[in-house]
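Since every read-out is calculated from the coordinates, none of them should be taken as a lab result. Keep in mind that this is a model prediction, so the values were computed, not measured. Positions of Cβ are backbone-derived with ideal geometry, glycine not excepted, and every protein chain shown enters the neighbour counts.
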Amino acid sequence: MRNGFKDREVSVHPVGGMQLSEGFIRANGTKRFVGNLPGLSPSIGDTVEDVLERLERKAKVYYGDDVVVEITT
């Protein structure tokens, strides 16, 4: 399934608010996934959900505790 994995766009926004940033999660060729948001270091994990959780933790530190990171496509 990873061979056919398409990049997933992610969005950072406050709960009920407008988008602050956008990034992506993609397969990195080593049976793992990598996610990037502008201005933050890349997050690497074994699953998309793992990377999404790591990106959200970093976004909360950068933007504040009221933000969420969601997959948009």
Output the qualifying pairs, or none if there are none: Cβ atoms under 9 angstrom, residues six or more apart or on different chains, first residue in region 23-41 and at negative phi and of a type in the set (G, A, S), second residue exposed (fewer than 15 other Cβ atoms within 10 Å of the Cβ) and assigned to a strand (DSSP E or B). G23/E9; G35/I44
Quick one: in region 53-73, which of the residues that are of a type in the set (S, T, Y) and under 13 Å from V12 (Cβ atoms) is surrounded by the fewest Cβ atoms within 10 Å (Cβ to Cβ)? T72
Scan region 6-27 residue by residue and report those that are loosely packed, with under 15 Cβ neighbours inside 10 Å, over 9 Å from the mean Cα position of the chain (by Cα) and of a type outside the set (A, V, I, L, M, F, W, C). K6, D7, P14, G16, G17, Q19
The number of residues in region 28-59 that are more than 12 Å from the chain's Cα centre (by Cα) and not in a loop (DSSP other than H, G, I, E, B) is 0
Is it the case that region 29-52 has a residue that's out of contact with any Pro (no Cβ under 9 Å at 6 or more places or on another chain), surrounded by fewer than 18 Cβ atoms within 10 Å (Cβ to Cβ) and among the aromatic types (F, W, Y)? no
